[in-house]
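Report on the structure given below.
The values are calculated or read from the model by the stated rules, or taken from the named source; none is laboratory data. Computed from a predicted model, the values in this text were never measured in an experiment. FYI the Cβ positions are ideal-geometry reconstructions off the backbone, even for glycines, and counts take in every protein chain you see. With ligands, DNA and RNA removed, areas are computed over all heavy atoms of the protein, side chains included. Shrake-Rupley method; radii C 1.70, N 1.55, O 1.52, S 1.80 Å.
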Amino acid sequence: MATLGPIFPAETVCHILRYSSPRDVVRWRAVSRWFCAITYDASIWRYLYTNSCLPRQPGPFPFQSTAYLEQALLRTERLAQSWMTRPMRDVSHVELRVEQQPRGSIKLLGGRFFIGCESASRFILHDVDADAEPHARQKQVIWEQEEPVLAWAVSSMTTEDGRFVVYVLLSEKKLDITRWRLLEFCFNGESVKPSAVDAFEVPTSKFEPYHVVLQKSDKSPFLHFPECELVFDTRTHTFYEFPGFLVALDEMRYKTGSESHFNISWTPDDIVLTGTYIIALYGSFLHTLPGITTLMQAFIVDGSSVKNGKGVLRRSHEGVSDHYFDHVALLRNPIVDPITESTNVRLLECVQFHSDHHVVLWGDLTLPKPSGDDVLPITIATHVKFEKTKPEKLRQCGGLLGYDCSDAGLLRGFYRTNFSHEPRYPGCLAKFTVDATKDECTLAIGEFLAPEWNHINDPTDGRYGKYITSYDARGRVCLVKHNGMYDPDSDPGDPELVVVVDIE
């Protein structure tokens with residue numbers, strides 16, 4: 001039987017396949033050996049990975065193989081097609097015992113790592129993807145110190161050149177003095193051993209010694225420390241503090257009422273971190289004022305203010321919204337208009353005022369290009385998507401639980417119900433998707449169901465929903481069974497039981 005020969009030059013076929021879906025590229029392998037060989041071309045998969053609108057792990061990077069890029073794209077494509085239609089079943093899961101003395105934030109970092117703290121002195125790296133049985137997985141010590149750790153929090157990011165960086169914020173006591181340090185662990189490629197470790201003294205005394213929080217956005221180079229309102233620029237290793245609270249524009253002063261409301265220091269309800277701006281949302285103290293709900297202020301780093309590794313952010317924009325924005329999600333990478341050079345930032349807000357009144361809305365913020373020291377107005381367009389009159393299932397929502405968002409603005413994850421113990425609501429989780437890639441944002445929420453995960457003794461018990469700590473683009477859910485909270489039979493002195501579930 002004659003082999004089907006080439007119809008077009010290989011370069012032309014490669015170019016055509018770049019505009020196909022990952023699944024269609026794989027299907028071409030059944031045509032002939034010639035076509036099959038072309039579909040393994042690295043340039044095709046790197047182009048598809050770069051231009052994919054679906055949630056995925058960062059990349060492509062030189063150390064990521066063609067097989068990795070192919071499998072990652074196929075998996076996220078399958079999840080996108082079945083996310084709202086398939087039941088919550090797991091295809092596999094891994095259980096790890098993570099030492100927590102003292103307790104810290106258990107998060108799935110980079111889709112595969114956990115950090116634990118042993119004996120209040122050692123930080124341990126756990127690799128979920130290690131080729132070993134759970135009891136045989138080796139623990140890697142990445143930091144050890146003499147001073148006891150009082151509390152800690154962890155986050156991570158991937159740099160533009162592919163380095164995976166883990167940050168640990170800790171409080172410690174030395175000579176009866178409490179101090180705070182930020183640890184930075186850099187990993188090159190797919191290595192599980194840090195190539196560089198740095199430690200930075202956090203210049204503040206405002207932290208609560210036993211309450212440490214670290215905020216990070218996947219789309220930003222900044223870290224935010226909510227307890228002391230500091231921002232850390234990971235590119236320059238510089239700490240920045242917020243300037244004193246002030247409403248700068250006369251128009252905003254008029255909208256927000258008497259100027260006497262703004263002569264004291266207010267703490268933001270939420271902070272949004274983007275690649276350029278740090279956006280502060282103030283809403284709680286404005287409820288007593290007529291016609292105003294949320295004040296938004298944007299800040300940029302000011303290198304000229306830096307002294308001894310610490311600077312002051314510069315207030316660049318401010319605006320007022322007549323809707324309440326509290327805990328928001330950044331829906332996509334900010335978009336810069338090539339003509340006006342203004343920046344569009346899109347935020348998702350899910351607000352529940354009462355048990356029977358749930359609102360899902362998004363806001364488009366337009367920030368003009370910064371000009372000198374001037375504070376410029378933010379144009380805020382708010383769009384309400386669902387209100388009280390919508391179906392009953394929307395009034396069960398308790399808020400976003402775990403989600404992952406692509407750079408283009410496709411978001412998927414879980415909603416948690418507030419009625420997990422009521423017989424009429426046997427399920428406590430719902431899948432949801434958001435498409436913010438176009439001018440009109442669309443949102444879909446599935447039915448509240450009980451996940452069919454084999455390691456959960458009672459899937460209708462809504463308590464476990466509170467302990468899902470992360471969800472990532474691989475379709476992995478991290479569930480932490482807190483001692484004495486989720487698992488009543490556990491010993492409070494036992495390590496945390498962490499379960500990583502791969503979802504269909």
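For the full complex of protein chains and a 1.4 angstrom probe, list 139, 310 by accessible area with the highest value first.
The residues order as 139, 310, largest area first.
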Shape of region 36-101, Cα gyration tensor, a/c cut at 1.5
oblate
Give the percent of DSSP beta bridges with both residues in region 1-133 that are antiparallel, rounded to the nearest 5.
90 percent
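With Kirkwood's inverse mean 1/r over C-alpha pairs for Rh, give me the Rg to Rh ratio of region 56-196, two decimals please. Please report the intermediate quantities before stating the final value.
Values: Rg = 17.5 Å, Rh = 17.1 Å.
Rounded to two decimals, Rg over Rh is 1.03.
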Computed FRET efficiency, Cβ-Cβ of residue 11 and residue 371, R0 51 Å: what is it to the nearest 0.05?
0.60
Alpha carbon convex hull of region 146-218, projected area averaged over orientations, nm²
5.6 nm²
Sticking with the crude label model, points 7 Å out along Cα→Cβ, report the distance from residue 438 to residue 219 in nm, one decimal please.
1.9 nm
Roughly what would the spin-label model give for residue 341 and residue 140, points 7 Å off Cα along C-beta, in nm?
4.3 nm
Please report the carbon-and-sulfur percent of the accessible area for region 81-191; probe 1.4 Å, protein heavy atoms only, DNA, RNA and ligands left out.
45 percent
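What whole-number value in Å² describes the accessible area per residue of region 45-137 for a 1.4 Å probe?
Values: 4100 Å² over 93 residues.
Computed with neighbouring chains in place, this is 44 Å² per residue.
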Pairs beyond 27 Å (Cα-Cα), from 107/438; 173/219; 139/219; 193/431; 174/219; 173/216:
107/438; 173/219; 139/219; 193/431; 174/219
Expressed to one decimal in nm², the mean projection of the alpha carbon convex hull of region 1-85 is 6.5 nm²
